[in-house]
Amino acid sequence: MHIIPKYLFWLALVFAFTASHAAELRSPAEMTPDDWNYISEAKDKYYSCLQEKMNEFGKTSDDPRVISDKVLDVCSTILITLDSDLAGRNINPDFSRRYIYNLKNKAGQQLLRNLMMMIASRQQE
């Protein structure tokens, strides 16, 4: 009989901690203009890294998949930093993960498309 009250106590304690922790997280609607500016700067930094590395690694191979893998691996540190910084700003991690996932997918598709055009134009010369 003593197990049930202890179980309920710990369950209530865990629930209270999660509820108070979730209340501290900010949704996108509660983000400040400074937060949005930081996200925009990180996005620009990520895209410029992709462009720079695409031009650098684009000359090494004729397979756009190999080049895009290298480029995305090198520039992924920017996204990791963005994720940890958003967590430090108490932004909801669901929003952060979804935003970074969408950013990475869209940039990867665009990168692959640009690489294919770059390689095709190089082969025509």
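The values are calculated or read from the model by the stated rules, or taken from the named source; none is laboratory data. Just so we're clear, the structure is a prediction, and the values are computed from it rather than from any experiment. With ideal geometry, Cβ positions are generated from the backbone for all residues, glycine too; neighbour counts draw on all protein chains shown.
Here's the yes/no breakdown for (1) under 30 Å from R113 (Cβ atoms); (2) touching a helix residue (DSSP H, G or I) at 6+ places or on another chain (Cβ under 8 Å); (3) modelled with pLDDT of 95 or more:
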{"position": "I3", "(1), (2), (3)": "no, no, no"}
{"position": "K6", "(1), (2), (3)": "no, no, no"}
{"position": "A23", "(1), (2), (3)": "no, no, no"}
{"position": "M31", "(1), (2), (3)": "no, no, no"}
{"position": "Y38", "(1), (2), (3)": "yes, yes, yes"}
{"position": "E41", "(1), (2), (3)": "yes, no, yes"}
{"position": "M54", "(1), (2), (3)": "yes, yes, no"}
{"position": "F57", "(1), (2), (3)": "yes, yes, no"}
{"position": "R98", "(1), (2), (3)": "yes, no, yes"}
Q.
I'd like to check something: does the stretch 100-109 contain any residue that is of a type in the set (F, W, Y) and either surrounded by 14 or more Cβ atoms within 10 Å (Cβ to Cβ) or closer than 19 Å to G58 by Cβ (or both)?
A. no
Q) Among the helices (runs of 4 or more DSSP H) contained in the stretch 30-125, which hold 1 or more residues that are touching a Phe, Trp or Tyr at 6+ places or on another chain (Cβ under 7 Å)? A) 64-88, 93-124
Q. Are any of the residues in the stretch 83-102 over 14 Å from the mean Cα position of the chain (by Cα) and over 30 Å from P33 (Cβ atoms)?
A. no
(Q) Please go through the stretch 81-121 and give me each residue that is among the charged types (D, E, K, R) and either touching a strand residue (DSSP E or B) at 6+ places or on another chain (Cβ under 6 Å) or touching a residue at least 40 places away in the same chain (Cβ under 8 Å) (or both), ordered by number. (A) D85, R89
(Q) Looking only at the stretch 40-60, filter to residues that are polar (S, T, N, Q) and over 17 Å from G108 (Cβ atoms); which one of those is nearest to the chain's Cα centre (by Cα)? (A) S40
